[in-house]
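K.L.:
I am attaching a structure below and will ask some questions about it afterwards.
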Amino acid sequence: MTDAAAGFFNLSILVQVALGSGYLAYVTAYAGYRRDHNISDQLFITLVFSSIALFTAKLLVGQSDYLVLLGMVAASLACSVLWRALGLPSWQWILEELGVHREDGVHSGWASLVQTKMGVSQITVYLNDGRTLHLQDRDPYRELPWKGIYLCGDGSITMIVDSETLPNGTEIERVDISDEDWGARFSHIPASQISRVELRLK
């Protein structure tokens with residue numbers, strides 16, 4: 001066990017739960033954004049949510065230990081959900097009104113695209129070898145995992161491919177994409193093989 005871990009378990013149970021709740025709340029509030037966060041971001045945001053847990057513990061003084069601990073976790077998580085759903089968008093809107101173009105802790109175009117609230121209705125992926133993969137109509141696949149498209153954080157893409165264009169211009173229509181017995185046929189395209197991506201957002 002490392003010194004840091006040993007130090008953590010030497011803390012009181014209230015502080016342990018507060019820190020654990022704070023980190024769980026941080027992970028929830030900034031799901032999808034954490035790749036661009038540094039250690040300071042992680043630490044101080046966790047401490048903010050941890051302070052909410054400790055404040056909750058003070059409000060619940062006199063209650064059973066289990067109720068106090070459960071209340072700490074619930075309060076931190078509730079605040080994280082509210083921050084993600086209402087606080088963060090409102091803060092970004094205020095900054096935009098003040099003339100700041102964009103400040104959400106995301107420092108890459110792909111990450112901002114992955115986190116958009118708009119839905120992807122169509123996607124075309126151009127590969128380095130000259131082939132082009134298409135998902136022309138996403139609607140038939142809404143009941144499948146990820147509704148047919150998963151934009152991975154590392155720049156890769158997992159998607160249903162309903163047609164493909166070869167370098168010579170030949171178009172190939174994919175058949176038997178979804179099978180009742182065998183499931184759906186997905187393709188995973190590593191980021192290193194992708195030269196360009198076109199999406200329709202709505």
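The values are calculated or read from the model by the stated rules, or taken from the named source; none is laboratory data. Fair warning: this is a prediction, and the values are worked out from it, not measured in the lab. All Cβ positions, even for glycine, are placed from backbone atoms using ideal geometry, and neighbour counts span all protein chains on display.
K.L.:
Kindly evaluate Arg102 against the criterion of being basic (Lys, Arg), surrounded by fewer than 15 Cβ atoms within 10 Å (Cβ to Cβ) and modelled with pLDDT under 85. Spell out the reasoning first.
P.N.:
Numbers: basic (Lys, Arg): yes; surrounded by fewer than 15 Cβ atoms within 10 Å (Cβ to Cβ): yes; modelled with pLDDT under 85: yes.
The answer is yes for Arg102.
K.L.:
Going through Glu180, Glu143, Glu198, Glu171 one at a time, which residue ends up being touching a residue at least 60 places away in the same chain (Cβ under 8 Å) and either over 27 Å from Tyr30 (Cβ atoms) or hydrophobic (A, V, I, L, M, F, W, C) (or both)? Before you say what the answer is, go through the steps one by one.
P.N.:
Numbers: Glu180 fails: touching a residue at least 60 places away in the same chain (Cβ under 8 Å); Glu143 fails: touching a residue at least 60 places away in the same chain (Cβ under 8 Å); Glu171 fails: touching a residue at least 60 places away in the same chain (Cβ under 8 Å).
Only one candidate passes the filter, namely Glu198.
K.L.:
Answer with yes or no whether Ser50 is farther than 26 Å from Asp154 by Cβ and either in a helix (DSSP H, G or I) or of a type in the set (Lys, Arg) (or both).
P.N.:
Working: farther than 26 Å from Asp154 by Cβ: yes; either in a helix (DSSP H, G or I) or of a type in the set (Lys, Arg) (or both): yes.
Spelling it out, Ser50 is indeed farther than 26 Å from Asp154 by Cβ and either in a helix (DSSP H, G or I) or of a type in the set (Lys, Arg) (or both).
K.L.:
Okay, moving on. Just to verify a result, which residue in region 41-56, among those that are in contact (Cβ under 8 Å) with a residue 24 or more places away in the chain and aliphatic (A, V, I, L, M), is farthest from Leu113 (Cα to Cα)?
P.N.:
Here the answer is Leu54.
K.L.:
Going by the conditions given, is Tyr66 out of contact with any His (no Cβ under 9 Å at 6 or more places or on another chain), farther than 29 Å from Lys117 by Cα, modelled with pLDDT of 90 or more and of a type in the set (Phe, Trp, Tyr)?
P.N.:
yes
K.L.:
Based on what the data block shows, is Val100 of a type outside the set (Gly, Ala, Ser), closer than 23 Å to Asp41 by Cα and under 19 Å from the mean Cα position of the chain (by Cα)? Break it down into steps so the answer makes sense when it comes.
P.N.:
Values: of a type outside the set (Gly, Ala, Ser): yes; closer than 23 Å to Asp41 by Cα: yes; under 19 Å from the mean Cα position of the chain (by Cα): no.
No: the conditions fail for Val100.
K.L.:
OK, next. Which of the residues belonging to region 169-202 are surrounded by fewer than 11 Cβ atoms within 10 Å (Cβ to Cβ), polar (S, T, N, Q) and at pLDDT below 95?
P.N.:
Thr170 - this is the single residue of region 169-202 that is surrounded by fewer than 11 Cβ atoms within 10 Å (Cβ to Cβ), polar (S, T, N, Q) and at pLDDT below 95.
K.L.:
Which pairs do you get when a residue that is under 22 Å from Tyr26 (Cα atoms), found in region 84-98, comes within reach of a residue that is surrounded by 14 or more Cβ atoms within 10 Å (Cβ to Cβ) and hydroxyl-bearing (Ser, Thr, Tyr), reach meaning Cβ atoms under 8 angstrom, with the pair 6+ apart or on two chains?
P.N.:
As it stands, the answer is Arg84/Thr28; Arg84/Tyr30, since those pairs meet every condition given.
K.L.:
I'm trying to understand the selection: among the residues of region 19-70, which are of a type in the set (Gly, Ala, Ser), surrounded by 17 or more Cβ atoms within 10 Å (Cβ to Cβ) and more than 19 Å from Phe8 (Cβ to Cβ)?
P.N.:
Ala29 - this is the single residue of region 19-70 that is of a type in the set (Gly, Ala, Ser), surrounded by 17 or more Cβ atoms within 10 Å (Cβ to Cβ) and more than 19 Å from Phe8 (Cβ to Cβ).
K.L.:
I'm told Asp154 meets every condition in (1) closer than 30 Å to Gln42 by Cβ; (2) in a strand (DSSP E or B); (3) charged (D, E, K, R) except one. Can you identify the failing condition by its number?
P.N.:
That leaves (2) as the condition not met.
K.L.:
Shifting gears a bit: Limited to region 28-40, what total is found for residues that are part of a helix (DSSP H, G or I) and either of a type in the set (S, T, N, Q) or touching a residue at least 12 places away in the same chain (Cβ under 8 Å) (or both)?
P.N.:
Residues that pass the stated criteria total 5.
K.L.:
Would you mind telling me which numbered condition in (1) under 29 Å from Gly148 (Cα atoms); (2) out of contact with any Lys or Arg (no Cβ under 7 Å at 6 or more places or on another chain); (3) surrounded by 13 or more Cβ atoms within 10 Å (Cβ to Cβ); (4) of a type outside the set (Val, Ile, Thr) Gln16 fails?
P.N.:
Checking Gln16 against (1) under 29 Å from Gly148 (Cα atoms); (2) out of contact with any Lys or Arg (no Cβ under 7 Å at 6 or more places or on another chain); (3) surrounded by 13 or more Cβ atoms within 10 Å (Cβ to Cβ); (4) of a type outside the set (Val, Ile, Thr), the one that fails is (1).
K.L.:
Let me ask something else about it. When you go through (1) among the hydrophobic types (A, V, I, L, M, F, W, C); (2) in a helix (DSSP H, G or I); (3) at pLDDT below 95 one by one for Leu11, which number turns out not to apply?
P.N.:
(2)
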